[in-house]
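Novice: Starting off with a structure, shown below.
The values are calculated or read from the model by the stated rules, or taken from the named source; none is laboratory data. The shown structure was predicted, so the numbers you read here are calculated from the model rather than taken from an experiment. Cβ: placed from backbone, ideal geometry, glycine included. Neighbour counts: every protein chain shown.
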């Protein structure tokens, strides 16, 4: 607590007596956390790779160099600079496939978070403002979805919809959504009793205006934190579904699908197994580090240390 | 307490009903006629098709089908597998011990390592050990466990040759399963080497399955400990001259345990979801692998029944955790 006030004090002086902007306050407390900043940089690097994949990758991800199948990475005997991270069983360049894989993972993360969060926020707002019976009905429904282990429910949903990356994203968004509903509803309920909400009602604000303009902005902090955390969950679950053969289908260079292809070479070619996993781990780790930093900065109540 | 108990039960029953409704709905919205799927490659005559439809009750109105399904569940009838034609209920309980054994070992590993790591991290807050344990925990928490399993196989089965790659026990051993737990059965069988073989099969899958709960428990223990360590009664305990071990180990840990126990209880869902991946990779004959195989074989009654059983187990454990929590902490009851 003493730390924060010292920080704010310094800022006030630097800005010539004005109050620091909201972003400034946020950034000050976010950048105190070294891990979070590293996470942010790694995340930006991956974002860059994902956006410019076709320009960065040395080869097309599905180009097969049959003569160079299962070539080890450059630092091992038999490796060559032509394929820095080696090739897979069909002679496709590992590095190019990993670079293109970044696109799929980010795509999955963004789509899942946007779908789950917007759906969850709307349902949560409705539950928070609705009459008691509708609130109970919605929350009971969310309890039902939460009773299933998320990966299992996603797996069965994909089995029903047919295995593809799109269906995997729909399934993951659906199983992550209840978390947003619960979070939004909880914050709405605690905000609704406050004076500014009463004031806006007295001033004649309609139900919709109250929901989206008066209350929602004040509920966003925990939702943003949840968004960061479910971004990483989405990447992990999509990779897991791909690994089980229920997500992106080969020859898509999705990291989980690549691992599934590589399974039979586990004991013969370590690089086809190792690199896609490292890519998943590093991305998810960076996002989780960032998420921890976000939580500490946005939601002091939840601060762990 | 009775009111608390009844209110929790009151939310349990509608949720249970909803879970059965969802698992029932799955088979209805699946593309393709389940009877045709059953016929497989061979095809069937029109009469046989009608007979099977009547046998499985698909010619009944939908509400009647759900009613039959629901009353069946209450009597332990989940239908028969399309593939083996055995009751899903029996198949579930013949495979469940394997998953249970794996999960118990995983949760023991996770608790035995996670609790001390969390306590040490909290006591040495900000020091090297804290940062080391917490970064390791975050890595574990971010780990794609199916990849982690493959790595362990490469190192311990491939390079070092210490552990087998799949299954529950070596092919050379055979004995009756009395309890369904391979560790106990192999000891009971009295065959030399059987127990060793069972342990060596169990060790890698348990480590893989323990990874995420371990990370969660370590993080939760640390934050619960930090909260408790700033309480007045800890200062009192220190002030009256108790040794740091006693303050940390007895006064603080005991009070920090409540949220930690909750986390351990609530990790059952994580374990069962993790079991799907772990069992698939290690060919562990439990319900996770059974579910995945059934999904690929389009064995709908099994998928439906397995989904329901797993959800019900998670719900029962959560209910028990909730009730125990209310029993220990009276503040919760009034909510």
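Novice: Name, by its number, the condition in (1) modelled with pLDDT of 90 or more; (2) more than 14 Å from every other protein chain (Cβ to nearest Cβ) that does not hold for residue A:135.
Specialist: The failed condition is (2).
Novice: Ok, one more. With respect to residue A:155, is the statement that it is in contact (Cβ under 8 Å) with a residue 60 or more places away in the chain and within 13 Å of chain B (Cβ to nearest Cβ) true?
Specialist: yes
Novice: Which condition does residue A:232 not pass, out of (1) within 20 Å of the chain's Cα centre (by Cα); (2) surrounded by fewer than 18 Cβ atoms within 10 Å (Cβ to Cβ), if it passes all the others?
Specialist: (2)
Novice: Could we say that residue B:310 is facing chain A (nearest Cβ under 9 Å), over 11 Å from residue A:152 (Cα atoms) and part of a helix (DSSP H, G or I) here?
Specialist: No, not satisfied.
Novice: Here's another thing I want to ask about it. Yes or no: region A:159-176 includes at least one residue that is more than 20 Å from residue A:117 (Cβ to Cβ), in contact with a helix residue (DSSP H, G or I) (Cβ under 7 Å, 6 or more places away or on another chain), surrounded by 21 or more Cβ atoms within 10 Å (Cβ to Cβ) and at pLDDT below 90.
Specialist: Yes: region A:159-176 contains one or more residues that are more than 20 Å from residue A:117 (Cβ to Cβ), in contact with a helix residue (DSSP H, G or I) (Cβ under 7 Å, 6 or more places away or on another chain), surrounded by 21 or more Cβ atoms within 10 Å (Cβ to Cβ) and at pLDDT below 90.
Novice: Would it be correct to say that residue B:252 is away from every other protein chain (no Cβ under 12 Å) and in a helix (DSSP H, G or I)?
Specialist: yes
Novice: Can you find a residue in region B:281-295 that is within 11 Å of chain A (Cβ to nearest Cβ), surrounded by fewer than 21 Cβ atoms within 10 Å (Cβ to Cβ), without any contact (Cβ under 8 Å) to a residue 60 or more places away in the chain and closer than 29 Å to residue B:264 by Cβ?
Specialist: There is no residue in region B:281-295 that is within 11 Å of chain A (Cβ to nearest Cβ), surrounded by fewer than 21 Cβ atoms within 10 Å (Cβ to Cβ), without any contact (Cβ under 8 Å) to a residue 60 or more places away in the chain and closer than 29 Å to residue B:264 by Cβ.
Novice: When you check residue B:136 against the structure, is it surrounded by fewer than 19 Cβ atoms within 10 Å (Cβ to Cβ), modelled with pLDDT of 90 or more and either assigned to a helix (DSSP H, G or I) or within 13 Å of chain A (Cβ to nearest Cβ) (or both), yes or no?
Specialist: For residue B:136, the condition - surrounded by fewer than 19 Cβ atoms within 10 Å (Cβ to Cβ), modelled with pLDDT of 90 or more and either assigned to a helix (DSSP H, G or I) or within 13 Å of chain A (Cβ to nearest Cβ) (or both) - is met.
Novice: Related question: Can you name the condition, by its number, that residue A:272 falls short on among (1) at pLDDT below 90; (2) within 12 Å of chain B (Cβ to nearest Cβ); (3) within 24 Å of the chain's Cα centre (by Cα)?
Specialist: (3)
Novice: Moving on to the next point. With the checklist (1) over 17 Å from residue A:257 (Cβ atoms); (2) surrounded by 15 or more Cβ atoms within 10 Å (Cβ to Cβ); (3) free of Cβ contacts under 8 Å to residues at least 60 places away in the same chain in hand, flag the one item residue A:53 doesn't pass.
Specialist: Failed condition: (1).
Novice: So, in region B:79-91, of the ones that are crowded, with 19+ Cβ neighbours inside 10 Å and part of a helix (DSSP H, G or I), which residue ends up farthest from the chain's Cα centre (by Cα)?
Specialist: Only one residue tops the list, namely B:88.
Novice: Let me ask something additional. Out of all the residues in region B:162-169, is one or more more than 14 Å from chain A (Cβ to nearest Cβ) and surrounded by 15 or more Cβ atoms within 10 Å (Cβ to Cβ)?
Specialist: Yes, some residue in region B:162-169 is more than 14 Å from chain A (Cβ to nearest Cβ) and surrounded by 15 or more Cβ atoms within 10 Å (Cβ to Cβ).
Novice: Given the structure, is residue B:277 surrounded by 24 or more Cβ atoms within 10 Å (Cβ to Cβ) and in contact (Cβ under 8 Å) with a residue 12 or more places away in the chain? Show your work before the answer.
Specialist: Working: surrounded by 24 or more Cβ atoms within 10 Å (Cβ to Cβ): yes; in contact (Cβ under 8 Å) with a residue 12 or more places away in the chain: yes.
Judged against the criteria, residue B:277 is a match.
Novice: Next up: Restricting to region A:87-138, name every residue that is farther than 29 Å from residue A:48 by Cα and out of contact with any helix residue (DSSP H, G or I) (no Cβ under 8 Å at 6 or more places or on another chain).
Specialist: If the condition is that a residue be farther than 29 Å from residue A:48 by Cα and out of contact with any helix residue (DSSP H, G or I) (no Cβ under 8 Å at 6 or more places or on another chain), then A:122, A:131, A:132, A:133, A:136, A:137 are the ones that fit.
Novice: Return the residues of region B:2-36 that are surrounded by fewer than 16 Cβ atoms within 10 Å (Cβ to Cβ), under 18 Å from residue A:156 (Cβ atoms), more than 9 Å from chain A (Cβ to nearest Cβ) and at pLDDT 80 or above; say none if nothing qualifies.
Specialist: The one that is surrounded by fewer than 16 Cβ atoms within 10 Å (Cβ to Cβ), under 18 Å from residue A:156 (Cβ atoms), more than 9 Å from chain A (Cβ to nearest Cβ) and at pLDDT 80 or above: B:25.
Novice: Of the residues B:207, B:212, B:234, only one is more than 14 Å from chain A (Cβ to nearest Cβ), modelled with pLDDT of 85 or more and closer than 28 Å to residue B:146 by Cα; which?
Specialist: Values: B:212 fails: more than 14 Å from chain A (Cβ to nearest Cβ); B:234 fails: closer than 28 Å to residue B:146 by Cα.
Every option except B:207 fails the conditions.
Novice: A follow-up question, please. In region B:231-255, how many are on the phi > 0 side of the Ramachandran plot and surrounded by 13 or more Cβ atoms within 10 Å (Cβ to Cβ)?
Specialist: Residues in region B:231-255 being on the phi > 0 side of the Ramachandran plot and surrounded by 13 or more Cβ atoms within 10 Å (Cβ to Cβ): 0 in total.
Novice: If the requirement is being surrounded by fewer than 19 Cβ atoms within 10 Å (Cβ to Cβ), over 24 Å from residue A:281 (Cα atoms) and in contact with a helix residue (DSSP H, G or I) (Cβ under 7 Å, 6 or more places away or on another chain), which of these qualifies: B:260, B:317, B:228?
Specialist: The unique qualifying residue is B:317.
Results for (1) away from chain B (no Cβ under 12 Å); (2) buried (at least 24 other Cβ atoms within 10 Å of the Cβ), shown as yes or no for each residue.
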site: A:101; (1), (2): yes, yes
site: A:107; (1), (2): yes, no
site: A:111; (1), (2): yes, no
site: A:119; (1), (2): yes, no
site: A:122; (1), (2): yes, no
site: A:127; (1), (2): yes, no
site: A:140; (1), (2): no, no
site: A:144; (1), (2): no, no
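Novice: Moving on. If you check B:187, B:152, which single one turns out to be in a helix (DSSP H, G or I), more than 9 Å from chain A (Cβ to nearest Cβ) and within 30 Å of residue B:223 (Cβ to Cβ)?
Specialist: So the residue among B:187, B:152 that is in a helix (DSSP H, G or I), more than 9 Å from chain A (Cβ to nearest Cβ) and within 30 Å of residue B:223 (Cβ to Cβ) is B:152.
Novice: Also, I was wondering about something else. Got at least one residue in region B:266-275 being in a helix (DSSP H, G or I), modelled with pLDDT of 85 or more and more than 11 Å from chain A (Cβ to nearest Cβ)?
Specialist: no
Novice: Still on this structure, please answer the following. I'd like to verify a number: residues in region A:234-268 that are in a loop (DSSP other than H, G, I, E, B), more than 19 Å from residue B:293 (Cα to Cα) and more than 10 Å from chain B (Cβ to nearest Cβ), how many? So that I can check it myself, show each step before the final result.
Specialist: The first filter runs over region A:234-268 and keeps only residues in a loop (DSSP other than H, G, I, E, B), leaving A:244-254, A:266-268.
With more than 19 Å from residue B:293 (Cα to Cα) added as a condition, the list becomes A:250-254, A:266-268.
This time we only want the ones that are more than 10 Å from chain B (Cβ to nearest Cβ), so: A:250-254.
The total comes to 5.
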